[in-house]
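Structure, as structure tokens:
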Amino acid sequence: LIKQAKAVLCSDTGVLHIARSFQVPVVGLFGPSNPAHTGCIGHGVYQHIRNDFKCGPCNYYPSYRYEDKKYCLDGKIPACMQSIADKQVEDSLKQVLGL
């Protein structure tokens, strides 16, 4: 299914890397993670969307208090993910699709 897609829009998951392995254009949504560490690499068409937060990427800041991180990530959609605007996604998809 992924191999037949014109593009894949997903968060920082294995799906992103599977799509890249098939050279399918990808738009990756990043919040608590850092695309420089876990994002797409190599040749191909991809975009990463990540809005900067002083606490992020929280997986890489030991000084970010565990209590704050737990509150942010405890079954909720983190503010860093909520901040990704529809327009950002639309623009990135147009770019990877060459529209």
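Assorted remarks:
- Each residue of the stretch 43-55 was assigned a 3J(HN,Hα) from its phi angle through the Karplus curve 6.51 cos²θ - 1.76 cosθ + 1.60 (θ = phi - 60°); the sequence is 6, x, 9, 7, 9, 10, 10, 8, 9, 6, 10, 4, 8 Hz, with glycine and proline shown as x.
- Computed extension gain for S11 through K76, at 0.36 nm per residue and net of the alpha carbon distance, reaches 21.9 nm.
- Simple label model, 7 Å out from Cα along Cβ direction - N51 to D86, nm: 1.5
- Listed values for the stretch 18-32 are Karplus-derived 3J(HN,Hα) couplings in whole Hz (6.51 cos²θ - 1.76 cosθ + 1.60, θ = phi - 60°), namely 5, 4, 4, 5, 8, 6, 8, x, 10, 10, x, 9, 10, x, x, and x replaces Gly and Pro.
No value in this document is a laboratory result; all are computed from the given coordinates. As the structure is a computational prediction, the values presented were derived from the model and not from experiment. With ideal geometry, Cβ positions are generated from the backbone for all residues, glycine too; neighbour counts draw on all protein chains shown.
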